[in-house]
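Chemist: Take a look at this one; I'll ask things after.
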Amino acid sequence: MAFEQFNIKMTRYLILAGSNSGDRLHYLKQAAISLQQLSENNLISSGIYESKAWGFNSTNYFLNQAHLIFFSSDPQKLLSILLKIEKSFCRTRNLERTYQDRTLDLDILLAENLIICEENLTIPHPLMQFRKFALKPSAEIAPMWIHPVLGKSIEELLLTCPDHIPVHLLDFK
């Protein structure tokens, strides 16, 4: 009996985790564990950054962390898993898609050089170039990754980002 070898290509994904409600640090650590279990190679994670809310008023500051994962299924499957992870941390998404405080948010920022525009998924993330809280941790782990639409590296996007909200690397030592 012959066995066929399947050549399944792993796709590199850049995921941003964020939390500004409840035990923010705990939620980010648990998200990293979930992403490590999901990744088919070693998880690469940035430091944890803190900033004010972007796009809405909140007294709660966000913690954000970027993760580089490798996953051999399609982006829709990954999105489905990420939404289940969010839900397991009591994240509720509102139907109006307005910004609000959240226990955990997991966004796909980039997926190799893919460009996807579907009803529930847009890759590259359509606002990443305007959000310093997304670019700063991403630049720490993937500074030379080229945005497939804008043709600029994450590092270049960070340098030209119009967002003036301070983003600080936290030291947990």
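Chemist: Quick one: work out the % antiparallel among DSSP beta bridges in the chain, nearest 5. Before the final figure, lay out the partial values.
Modeler: Working: 27 of 27 bridges.
Expressed as a percentage, antiparallel bridges in the chain total about 100.
Chemist: Pop out the carbon and sulfur fraction of the accessible area of the chain as a percent, whole number, probe 1.4 Å.
Modeler: Numbers: 5360 of 9910 Å².
The value for the chain is 54 percent carbon and sulfur by accessible area.
Chemist: A further question follows. Given the rule -39500 (n - 2.57) for each run of at least 4 DSSP H residues, summed and divided by the residues of the chain, what is its mean residue ellipticity at 222 nm, to the nearest 500 deg cm²/dmol?
Modeler: Details: 4 runs with 45 residues, N = 173.
Per the formula, -8000 deg cm²/dmol.
Chemist: Also: Taking the C-alpha atoms of the chain, how large are the radius of gyration and the largest Cα-Cα span, Dmax, in Å?
Modeler: Cα radius of gyration and Dmax of the chain are 16.2, 64 Å respectively.
Chemist: I've got another one for you. Can you tell which of S46, S72, S138 shows the greatest fluctuation in a Gaussian network model of the chain with Cα springs below 10 Å?
Modeler: Checking each option, the largest mean-square fluctuation is seen for S72.
Chemist: Quote the accessible area belonging to H147 in square angstrom, nearest 10, computed with a 1.4 Å probe and with ligands, DNA and RNA left uncounted.
Modeler: Rounded to the nearest 10, that gives 10 Å².
Chemist: Could you list the GluC sites (Glu not before Pro) in the stretch 108-173 that lie in coil according to DSSP, counting only those with at most 12 other Cβ atoms within 10 Å of their Cβ?
Modeler: Values: sites: E112, E118, E119, E140, E155, E156; in loops: E112, E119.
Qualifying residues, ordered by number: E119.
Chemist: What pairs from K29/K84; K52/K84; K84/K132; K9/K77; K52/K136 go past 19 Å between their alpha carbons? Write out the running numbers ahead of the final one.
Modeler: Working: K29/K84 16 Å; K52/K84 26 Å; K84/K132 26 Å; K9/K77 15 Å; K52/K136 14 Å.
From the list (K29/K84; K52/K84; K84/K132; K9/K77; K52/K136), the Cα-Cα distance tops 19 Å for K52/K84; K84/K132.
Chemist: Using 7 Å Cα-to-Cβ label points, what is the E119/K84 separation (nm, one decimal)?
Modeler: So the label points at E119 and K84 sit 2.1 nm apart.
Chemist: Would you please state which residues of the stretch 119-149 a label at E112 would reach in this model, taking the label point 7 Å out along Cα→Cβ and a backbone N cut-off of under 20 Å?
Modeler: Answer for the stretch 119-149: 121-126, 142-149.
Chemist: On to the next question. Using alpha carbon centroids, what distance separates the stretch 27-94 and the stretch 138-173, in Å?
Modeler: 17
Chemist: Residue by residue, what Karplus-based ³J(HN,Hα) values in Hz, rounded to whole numbers, does the stretch 106-118 have, using 6.51, -1.76 and 1.60 with θ = phi - 60° and x for Gly and Pro?
Modeler: Residue by residue, the stretch 106-118 yields 10, 10, 7, 8, 9, 9, 6, 10, 6, 10, 10, 9, 10 Hz.
Chemist: Hey, what's the stretch 110-167 come to in accessible area per residue, 1.4 Å probe, Å²? Before the final figure, lay out the partial values.
Modeler: On the way: 3010 Å² over 58 residues.
About 52 Å² of surface per residue is accessible.
Chemist: Further question: Pull out the extension gain between Q36 and E50, defined as 0.36 nm times the separation in residues minus the alpha carbon to alpha carbon distance; nm, one decimal.
Modeler: On the way: separation 14, 0.36 × 14 = 5.04 nm, distance 2.21 nm.
Length difference between fully extended and current span is 2.8 nm.
The values are calculated or read from the model by the stated rules, or taken from the named source; none is laboratory data. Predicted, not measured: the structure shown is a model, and the values here were computed from it. All Cβ positions, even for glycine, are placed from backbone atoms using ideal geometry, and neighbour counts span all protein chains on display. Just so you know, the surface numbers come from the protein's heavy atoms only, side chains and all, with ligands and any DNA or RNA stripped out. Shrake-Rupley method; radii C 1.70, N 1.55, O 1.52, S 1.80 Å.
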